[in-house]
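Everything on this sheet refers to the single structure shown next.
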Amino acid sequence: MMTLKVNGLYHEIDADPDTPLLYILRDDIKLNAAKFGCGLGQCGSCTVIVDGNAVLSCVTPLLLLEGKQVTTLEGLGTPEAPAPIQRAFIEEQAVQCGYCIAGMMMRAQALLQRNSKPTDEQIRAELEPHLCRCGTHMRILRAVHRAIRLMDTADASASTQGSAP
Amino acid sequence: MGKSRIIGGGIAALVIAGAAAVFAIAWRPAIAAIEPPAPQSFDTALVKRGRYLAAIGNCNDCHTVRGGKSFAGGLPVPTPFGTIFSSNITPDAETGIGRWSEAAFRRAMRSGVDRDGQHLYPTFPYDHFTNVTDADDQALYAYLMTRQPVRAPARENELSFPLDQRFVIAGWKLLFLRHGTYQPDSAQSLEWNRGAYLVEGLAHCGSCHTPRNALGAERASAQFAGGDVDNWHAYAINAQSPAPVPWDADALFAYLRDGWHPDHGVARGPMAQVVSNLSSAPQDDIRAIATYMAGVFGAPTPDRKRQGEAVLAQVKSPAVMQASKINAAGAAIYAAACATCHETDRSPPYGGVNLALSTAIAGPDPRNVANIVLSGVRPVEGERSPIMPGFAASMNDGQISALLNYLRARFSNQPAWTGVEKTVEDARRTQTVFLQTSRGPRNARADATQRDKP
């Protein structure tokens, strides 16, 4: 049994310590935003935030997460009250099939929490590990730029960060 | 009175003679500037040969900043003496080599002196380039003079006195610059000689793989015994090679050509750029380099050969993983995060090399493994290439240290490393700086992005 803090809530997890975080999130906690793409840490669709850093959850075993805070896309905002990064992706219609988008948003979110004014080059470099088969890259880049503007007027941090469970 | 005048005169004469000697050693004339030659004035076949040679010389690697224009220089090269910035070798008239004649270019290659007569720092490996023939210099010149001119003024080197005085380099050259260090050996094959010419000259392999002395010169007595480049170790590529399976000419050829070999793994760090460049060089030249270097490695001793065969056999029929009682934390991390790719039979990119074959783990220090665990192996743009995710964000220094100690104990027959945690800390600091300043992947294609390397 291990306690895992996800989106501000504590979960008792009964799984082998070598279980990838992605399986815990999807199967045990039923948070389905993070996607299984390649399972090899090569596509980015499983990306979540751990202690402020973008992490590939499919290659991150539970045993590395002792005492750490996990944030998934569900932790950023809701359909009723989307976070700035989510609003930006909706407003730019930066989704085609959408499979890669949760991972894209999580890495962009981690970048913007660290650097609220990244250059276009920095955004491209940051999102480079993420694959999108639909070819929505230009819209994704526009969405991240829009998120920067939205965050200028809103709180850049995820809604659950710092709030009590 | 008369005596002291004589002594005084003697001292003055000595000072003048000394100054004259320094002047004679240090002074080089400027070579007259020329009108930048039109690109069409160069023979296309010559330019093409120059391109191959430039790939073998890895020129773009130091003379291009990450994400910058090709050959425009400005790359900071950290050395124990300070930071030296690479120069603009595009044919821009004002800031590049546009006004250099072929003779001026040849002098720079041969003696490390620029067109104005200034001594160049040996970060520019003229201790090797001095071996390049006139014909090859001509081709390289033709290639560089037909590149896109880029206006990019040189950046001021960050060196302290007296090293910021360029005449000091004349003294260094007197001590360490030897011309004709490559001599053809008629007892050897043509291929071997071609390889020797390239390795000792343009390819300047020893610049990274040979350790340097206190004055920054390669130690001739320890040629290819392993050196340092950035925060990486360049392995010994002679009889002291730590590779678990001994190298031979075929393996070297495949590795230099494709960037990986099933018995050795992938080229990464500074070597990734080298093999990326070599992949566009003529196959015969790569074969020649492999042939010569196989001789430098030498035939493995029977013991070494047996060990290599044992490792290969072990890899082909992996034993059931045994629970480690000594380093349970490292073993658990390996099993959960590494073995899922590194201990399957899947070929790259679906699986990684079995770590019993890893030179990094058998190497003298844990720097290279630390770098790889932290930042992974980025794929090369537009090519089939190895890939590995980095774990900098998901493992802390303690976890990586435990993992590295476990890997060393399980996969090599070498004694434990010392100072692993410190190495990991340093590697993380270096990589953080790297990630902040870099735009592209460390092992990007030749024309796209670059990396630091002396």
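Derivation of every value follows stated rules applied to the coordinates shown; laboratory data play no part. This is a predicted model, so every value here is computed, not measured. Glycine also receives a Cβ, built like all others from the backbone with ideal geometry; neighbour counts cover every protein chain displayed.
Quick look at the values:
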quantity: Size of electric dipole in the protein assembly as shown: Cβ of Lys, Arg +1 and of Asp, Glu -1, about Cα centre, debye, nearest 20; calculated: 920
quantity: Label-point gap, in nm, between A:Met138 and B:Ile326 - each point 7 angstrom along Cα→Cβ; calculated: 5.8
quantity: Rounded to whole Å, sorted largest first: equivalent-ellipsoid semi-axes of chain B, Cα gyration tensor; calculated: 42, 26, 23
quantity: Shape box of region B:17-176 [Cα atoms, principal axes, largest first, Å]; calculated: 49, 33, 27
quantity: For B:Phe71, distant residues with modelled amide H under 5 Å away; calculated: B:Thr64
quantity: Among B:Val311, B:Val380, B:Ala272 the positive-end extreme of the charge dipole of region B:190-437 (Cβ point charges); calculated: B:Val311
quantity: Residue-averaged [θ]222 nm for chain A, counting only DSSP H segments that reach four residues, each worth -39500 (n - 2.57); calculated: -9000 deg cm²/dmol
quantity: Estimated D of region A:84-153 in µm² per second, where Rh is the Kirkwood radius over Cα pairs and Stokes-Einstein applies at 37 °C, 0.692 mPa s; calculated: 281
quantity: Loop-located trypsin sites (Lys or Arg not before Pro) in region A:42-150, at most 11 other Cβ atoms within 10 Å (DSSP); calculated: A:Arg133
quantity: Range of Cα positions in region A:2-75 per principal axis (Å), largest first; calculated: 28, 24, 20
quantity: Anchor B:Lys69: lysines whose Cα lies under 23 Å away (excluding residues fewer than 8 positions away in-chain); calculated: B:Lys48, B:Lys453
quantity: Unit charges at the beta carbon, dipole of chain B: most positive-side option, B:His233, B:Gly57, B:Ala214; calculated: B:Ala214
quantity: GluC sites (Glu not before Pro) restricted to region B:164-267 and DSSP loop, no more than 15 other C-beta within 10 Å; calculated: none
quantity: Kyte-Doolittle mean at least 0.5, axial Cα span of 30 Å or more - DSSP H helices of chain B; calculated: B:2-26
quantity: Gain in span if fully extended, B:Asn413 to B:Gln283, counting 0.36 nm per residue against the direct Cα distance; calculated: 43.2 nm
quantity: Sites B:Asp185 and B:Ala217 - FRET efficiency at Förster radius 25 Å, r taken between beta-carbons, to 0.05; calculated: 0.55
quantity: Distribution of pairwise C-alpha distances over chain A, 5 Å bins, in %; calculated: 2, 10, 19, 23, 21, 14, 8, 3, 0
quantity: Where only alpha carbons of the protein assembly as shown are counted, the Rg and the Dmax (Å); calculated: 27.8, 104
quantity: Centre separation in Å (Cα based) which lies between region A:1-51 and region A:88-108; calculated: 19
quantity: Linear extension gain, B:Lys316 paired with B:Ala24, 0.36 nm per residue minus alpha-carbon span; calculated: 98.7 nm
quantity: Cα centroid separation - region B:351-371 against region B:84-120, whole Å; calculated: 40
quantity: Residues in region B:43-85 reached by a label modelled at B:Asp164 [backbone nitrogen below 11 Å; 7 Å Cα→Cβ]; calculated: none
quantity: Rounded FRET efficiency, nearest 0.05, which uses the C-beta distance separating A:Arg149 from B:Glu421 and R0 of 51 Å; calculated: 0.75
quantity: Cross-link reach list, lysines versus A:Lys5, counting only Cα pairs under 22 Å and skipping chain neighbours closer than eight places; calculated: A:Lys30, A:Lys35, A:Lys68
quantity: Peptide A:54-67, shielding by other chains (average Cβ, 10 Å cutoff); calculated: 4
quantity: Amide H contacts of B:Val229 (H built 1.01 Å from N, under 5 Å, at least 5 apart or other chain); calculated: B:Ala234
quantity: Computed magnitude of the charge dipole of region A:2-75 (debye, nearest 20; Cβ of K, R +1, Cβ of D, E -1); calculated: 300
